[in-house]
Amino acid sequence: MKDVLDIDDLSEAEITELYDLTDELKADPDAFGDALENESLVMLFAKPSTRTRISFESGMTELGGHAIHFAEESSQISRGESLLDTATVLSRYAGGIMARLFDHETLLELAAGADVPVINGLTDKLHPCQALADGYTLREKGLLDGPLAYVGDGNNVAHSLMQLCATLDIPCRIATPDGYEPDADIQERVADADVLVTNDPVEAVQGARAVYTDVFVSMGEDDSKRADFEGFQVTEELMAETDDAAFMHCLPAHRGEEVSAAVMDGPNSIVYDQAENRKHVQKAILETVYE
């Protein structure tokens, strides 16, 4: 395994191996304290971050390595330095790059120019590290049999969840308002899997083992789109249509918008387990790509 840019870069066997390693790392973190000793990870950020930055940085430290925060706005990239030059130089400074960017094509260009592993910390199109942590959380909770229902915007999180479900053979239901469906190319990639895209939230969640949502307006988007999501909030009434489902959210959450406070803070919410598992799964990714 070199780069982790896209769930489709990984086979079912590779994801299972990653999860098995995550089990070991989570159970006995001290046993891996020198796994990446004297290694560095450059973390390139074009977008704000809480979980991505802290989980990668603390995870790298716990493996004995060092993470370097590299803000695009304060770098020479912001003044026009090419991605090829940046990637080439970073490859000589560090053993890996994690990038959290806007345009997915920018990430691909960065990876093409790098001689070290590149990990996708998020782009506008995909969020594979989040989906991998979510899949691990489902496995941990005994919910891998699905269905997994996602209600909200057909965004980067939805895309990577669809891909993960297709790879792991988890039934997946995606409900979005008309016009906010997942990208056509992602739908085409999972066309042979048990993935349903609908405009009916109730249809999506009926019988679901877990219900997932994300913010209605992502970073950099027009706030006016929020009005189009009326009826897509995950409420106690919607959760009542499920099979006593767990509730999932990638965070940050806006209580009263995409999810009610009663659901977000209720007994079936596993959102903080998801957030914690970002670190454990990413430690497994780091150890794997640095081999």
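The Cys residues in the chain with no partner Cys Cβ within less than 4.7 Å of their Cβ are CYS129, CYS250. A straight line joining the Cα centroids of the stretch 217-291 and the stretch 59-135 runs 24 Å.
Using a Debye calculation, one point per C-alpha and no hydration shell, please list log10 I(q)/I(0) for the chain at q = 0.10, 0.14, 0.15 Å⁻¹ in order. These q points yield log10 I(q)/I(0) values of -0.51, -1.01, -1.14.
Both the radius of gyration and Dmax for the stretch 1-121 are 14.8, 45 Å, in that order, over alpha-carbon atoms. Averaging Cα coordinates gives a centre for the stretch 155-171 and one for the stretch 23-39; these two points are 28 Å apart. Placing dummy labels 7 Å off each Cα toward the beta-carbon, the span from GLU37 to ASP243 is 4.8 nm. On full extension, the segment bounded by THR198 and PHE102 gains 31.9 nm, given 0.36 nm per residue less the C-alpha separation.
Compared with the dominant principal axis of the Cα atoms in the chain, helix 128-140 is inclined by about 60°.
Shape class of the stretch 142-269 from the alpha-carbon gyration tensor: oblate, with a/c at 1.5 or above and b/c at least as large as a/b. With R₀ fixed at 41 Å, the C-beta to C-beta distance from ALA227 to ARG92 puts the FRET efficiency at about 0.25. Distance between the modelled labels on GLU24 and SER75, one decimal in nanometres: 3.2 nm (7 Å Cα→Cβ projection).
Of the cross-linked pairs LYS2/LYS225; LYS225/LYS279; LYS125/LYS225; LYS141/LYS279; LYS47/LYS141; LYS2/LYS47, those separated by over 28 Å at the C-alpha level are LYS2/LYS225; LYS225/LYS279; LYS47/LYS141. Per residue, the average separation of C-alpha pairs within less than 8 Å and at least 6 apart gives the stretch 34-150 a relative contact order of 24 percent.
Among the GluC sites (Glu not before Pro) found in the stretch 204-290, those both in a DSSP coil and sparsely packed, with 11 or fewer other Cβ atoms within 10 Å of their Cβ, are GLU230.
Where a number appears in this text, it was derived from the coordinates with a stated rule and is not lab data. From a predicted model like this one, the values you see are computed outputs, not experimental measurements. Backbone-built Cβ (ideal geometry, glycine too); neighbour counts: all protein chains shown.
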